[in-house]
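The values are calculated or read from the model by the stated rules, or taken from the named source; none is laboratory data. Just so it is clear, the model here is predicted, and its values are computed rather than measured. In this analysis, Cβ positions are derived from the backbone assuming ideal geometry, glycine residues included, and neighbour counts consider all displayed protein chains.
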Amino acid sequence: MTRTDGTAGAAAPAGERGGAPDAFDLLVVGSANADLVVRVERRPGAGETVLGSDLAVHPGGKGANQAVAAARLGARTALLARVGDDAHGRLLLQAQRAAGVAVDGVLTGGAPTGVALITVDPSGDNSIVVSPGANALLTPGDIRSAARLVRAARVVSAQLEIPLATVVETVRVLGGAGRFVLNPSPAGPLPAEVLTACDPLVVNEHEARVLLGDGAGPDPAGWARSLLALGPRSVVVTLGAAGALTADGRTGVVERVAAPRVSAVDTTGAGDAFTAALAWRLGRGEEPAAAARYAARVGAAAVTRPGAQEAYPVPAQLPPPA
Ligand code: ATP
């Protein structure tokens, strides 16, 4: 294993190097991918080839995106992830550092940096194939090695572009010390141990339908209630230009949050920006609906420019609330 500072061996993340670990507002445990983006007139069907624009390479991956989004908003943010010892990995680390994210927890080597192959159509909708690469080698042992960093964070946010066992270990190591936020993407079955730790579980429509299966009715408020029944302490359903819903497991109250009206150019990474902003504001003690209203402004700003991380706003770039 090679550390991002170029030293070899199993050196521990910052929080393990003696003394008190940095107390981050948000620790993101997740993926880092290079986004390889081609714009197309329409996305190809099975067996079809279409011509697209020149290739653009952007730093991405749900974990790396969330970390950059939060740091640009002003949150003290750290990333726990793994990248390859290659040009894509260096691009990702540079983007994290430029945003002000602490990257001592980013491990290097073992496989190529993860890659997302993205096509974007003129309406801004996207299709994505992910090659996990080094993300698949972020292990439960890596989380245990970073235990002090994990426990010291106000909020720990995870997604599913890293092994599920690593997410499970994150919940175990966290042990309720800080708040746990999960965006289960790509969507798949979740153990009860993870579901019950989520506060909130943040899903888009597709993820809600996968988690609920045939039981997902037509109504997003119904999805939120059904998702609560799976065990999370709270749920947030994101609905693109229609905004979001928050659902509180203690009270059962479901609240609708509108999205500011903006002209969407590229929705890549909007959910990551939303989730990072939400997690950070919840960690500051805001009520779920207030935190979601703020996150909706962040998600709206993110869709007005191409790419993911490069599109993420600083506070002065946020649209007014809807
Ligand atoms: P992605 O996978 O593209 O990153 P997602 O499907 O996970 O996104 P969305 O529900 O599309 O998540 O978007 C997350 C949030 O971003 C929404 O809840 C909304 O607040 C904001 N948002 C997304 N698209 C738009 C839009 N066109 N106009 C305004 N706000 C938007």
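So here's what we get for this one:
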{"item": "Output for region 55-91, where each listed residue is free of Cβ contacts under 8 Å to residues at least 40 places away in the same chain, surrounded by fewer than 24 Cβ atoms within 10 Å (Cβ to Cβ) and more than 17 Å from LEU137 (Cα to Cα)", "result": "LEU55, VAL57, ALA87, ARG90"}
{"item": "THR170, sole failed condition from (1) more than 12 Å from the ligand (Cβ to nearest atom); (2) in a strand (DSSP E or B); (3) touching a residue at least 40 places away in the same chain (Cβ under 8 Å); (4) not acidic (Asp, Glu)", "result": "(2)"}
{"item": "From the options ILE118, ILE143, residue that is among the β-branched types (Val, Ile, Thr), closer than 25 Å to VAL50 by Cβ and either surrounded by 23 or more Cβ atoms within 10 Å (Cβ to Cβ) or modelled with pLDDT of 95 or more (or both)", "result": "ILE118"}
{"item": "Given (1) of a type in the set (S, T, N, Q); (2) part of a loop (DSSP other than H, G, I, E, B); (3) farther than 18 Å from ASP272 by Cα, number of the condition SER31 does not satisfy", "result": "(3)"}
{"item": "Filter result (within 24 Å of ALA153 (Cβ to Cβ) and out of contact with any strand residue (DSSP E or B) (no Cβ under 7 Å at 6 or more places or on another chain)) within region 245-269", "result": "ARG250"}
{"item": "Options GLY240, GLY269, GLY252; residue that is near the ligand (Cβ under 6 Å from one of its atoms) and at pLDDT below 95", "result": "GLY269"}
{"item": "Residues satisfying the stated conditions in region 179-214, i.e. of a type in the set (Gly, Ala, Ser) and within 17 Å of the chain's Cα centre (by Cα)", "result": "SER185, ALA187, GLY188, ALA197, ALA208"}
{"item": "Residue in region 193-209 that is within 16 Å of the ligand (Cβ to nearest atom), of a type outside the set (Val, Ile, Thr), part of a loop (DSSP other than H, G, I, E, B) and closer than 21 Å to ALA279 by Cα present", "result": "no"}
{"item": "Tally of residues being over 22 Å from GLY283 (Cα atoms) and either of a type in the set (Lys, Arg) or buried (at least 21 other Cβ atoms within 10 Å of the Cβ) (or both) across region 228-259", "result": "0"}
{"item": "Qualifying positions in region 284-322 - in a loop (DSSP other than H, G, I, E, B), touching a strand residue (DSSP E or B) at 6+ places or on another chain (Cβ under 6 Å) and more than 11 Å from the ligand (Cβ to nearest atom)", "result": "GLY307"}
{"item": "Single residue of ARG261, ARG281, ARG250 found to be part of a helix (DSSP H, G or I) and charged (D, E, K, R)", "result": "ARG281"}
{"item": "Pair list, Cβ < 6 Å and 6+ apart or interchain, from region 300-314 residues that are among the β-branched types (Val, Ile, Thr) to residues that are modelled with pLDDT of 90 or more and part of a helix (DSSP H, G or I)", "result": "VAL303/ALA270; VAL314/ARG72"}
